[in-house]
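Throughout, read-outs are computed from the coordinates displayed, never taken from laboratory work. Note that the structure is predicted; figures quoted are calculated from it, not measured. We place every Cβ from the backbone using ideal geometry, glycine too, and count neighbours over all the protein chains shown.
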Amino acid sequence: MRKCAVRVVKTIQEAGFQAVFAGGCVRDQFLGLEPHDYDIATNATPDQIEALFDKTVPIGKSFGVIDVLVDNLDFQIATFRSDGKYSDGRHPDDVTFSSMEEDAKRRDLTINGMFYDPIADRMYDFVGGQKDLEAKKIRLIGCPKCRIDEDLLRMMRVIRFAARFNFAVEFNSFRTVCDNAHLISQVSVERVADELVKILSVENKKQAIDLLFETGLMAQVVPEFIAMKGCEQPVDYHPEGCCACHTIKAMQNLENPSSELLIATFLHDIGKPPTQKFEERIRFDGHDFEGAKMTEAILRRLKFSNEFIEHTVSMVRNHMKFMHVKEMRKSRLKRFMNLPKFEEHLALHKADCMSSHEGIDNYEFIIEQLKTFKAEPEKNVISKLPRLVTGHDLIAMGFIQGSIFRTILTDIEDQQLEEKLSTKEEAVSYIEEKYLIEKIE
């Protein structure tokens, strides 16, 4: 990708314009990291960029931004600009095409405000980004309050980048975030939710969550999590400490999680504080069901999709069932393993165990069960089970349509999962013996 990005820069420069790499790719290059993408900044206007390349998309032409497609790769090219007032707290009301230096000063963080010319091998740093990278500091460019007023979500970006790179937040920037944390409620909840997922996705999850607490943003975004900090757990089961400590550790034990698994792990014990009891030991009876209700309320408030909510809530609701898998009837165990995306339920369970007592015998038991489960799907996967009887069969047998139908059909399915019934004749005999006799009596 870099070679192609250099070609794009060279094309613009050879047409007589300035063109440089901008933002994150420059930062990552300085840190010795491989950039995920390459943004390019230039003094060429959007019209001039469109004239230079065959395939372009005017994704933000009014703001000076054009997408250029070269060799099936996408490069965002932005004209150097100065921004007007941000009335909506997200987009400038108007922009003025300007110089490279003015463009740097409108950006969010010093480490994201540098430019690099790959043709001349020259760095342009008007905001002290290199110095802050060397000092491992996150600093808002110029006036911290001005940068935050332009886009209030930058408060959460400060946390994300600090935790991503294990940097400290510069004092004035940190204080400004703390003083303005309550204003995050003015940002659309969809943007806040998206940024929360990004924050929780960083490697240093402890620093991310600590900063959310310290700045006051946790109290604004997920206030239910506040009670997790300092919520005592029985030491025999949880030597790692309080509920928040356990949660952080569990999240760190995840391996390349989906957003749903990440958030489910973040919230899997959210029901513990309201269910905490001090008896012969500290207990959290029913915290899984309480947590599922709280999780649904939190995710609906943050306007996650229905599909996201359904799967995430299911993981929270079911995470304690792994305690009993060895004692489950075969049919119940198979129904459990038939949960959609069961591998993510299992991943949460493993992370949960490894973050407390570290015993994974139930996890290993399920792994062995899954081998048989997947080898014989016709006996184990509910969607692949042959239907031995239907509602029409029950009507023919004399049953009146109602709730009894669900009871009988579920029972037959259980008997199939138990591998006790395999033919229609066996199912009919079973129904006659169990349900018709009961009906007569």
Based on other C-beta atoms within 10 Å, arrange Ser403, Ser188, Ser173, Ser201 from fewest to most.
Ser403, Ser188, Ser201, Ser173
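Is there a quick way to get the dipole size of segment 136-221? I mean about its Cα centre, with the Cβ of Lys and Arg at +1 and of Asp and Glu at -1; what is the value in debye to the nearest 20?
Numbers: 14 positive and 11 negative charges, 70 e Å.
Dipole about the Cα centre, nearest 20: 340 debye.
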Given an 8 Å cut-off on Cα distances and at least 6 residues of separation, report the relative contact order of segment 239-381 as a percent.
26 percent
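Calculate for the chain the 222 nm mean residue ellipticity that helices alone would give, adding -39,500 (n - 2.57) per DSSP H run of length 4 or more and normalising by residue count, nearest 500 deg cm²/dmol. If you can, show how the numbers build up before the last one.
Numbers: 24 runs with 221 residues, N = 441.
Per the formula, -14500 deg cm²/dmol.
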Percent of alpha-carbon pairs separated by more than 25 Å within segment 149-301
30 percent
Burial ordering of Val325, Val127, Val6, Val26, fewest other beta-carbon atoms within 10 Å first:
Val6, Val325, Val127, Val26
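For segment 1-135, what is the charge dipole size about the Cα centre, in debye to the nearest 20, if Lys and Arg each add +1 at the Cβ and Asp and Glu each add -1 at the Cβ? Let's see the in-between values first.
On the way: 15 positive and 24 negative charges, 21 e Å.
Charge dipole, segment 1-135, about its Cα centre: 100 debye, nearest 20.
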Given 5 Å bins starting at zero, what is the percent of C-alpha pairs of segment 385-440 in each, up to the one with the largest pair distance?
4, 20, 35, 27, 11, 2, 0
So I have (1) 54, 28, 20; (2) 28, 26, 22; (3) 41, 29, 21, and one of them is semi-axes √(5λ) of the Cα gyration tensor in Å calculated from this model. Which one is it?
(1)
Between Gly398, Gly241, Gly32, where does the largest GNM mean-square fluctuation fall for the chain, given springs only between Cα atoms within less than 10 Å?
Gly398
Mind listing the phi-derived Karplus ³J(HN,Hα) values for segment 16-23, rounded to whole Hz, using 6.51, -1.76 and 1.60 with θ = phi - 60°, and x for any glycine or proline?
x, 10, 6, 7, 9, 5, 9, x
Arrange Ser62, Ser356 by Cβ neighbour counts within 10 Å, fewest through most, would you?
Ser62, Ser356
Mind checking which of Asn253, Asn72, Asn362 has the largest fluctuation in a GNM of the chain, springs on alpha carbons under 10 Å?
Asn72
Rounded to whole Hz and in sequence order, give me ³J(HN,Hα) for segment 311-316 from the Karplus expression 6.51 cos²θ - 1.76 cosθ + 1.60, θ = phi - 60°, writing x for Gly and Pro.
6, 5, 4, 4, 5, 5
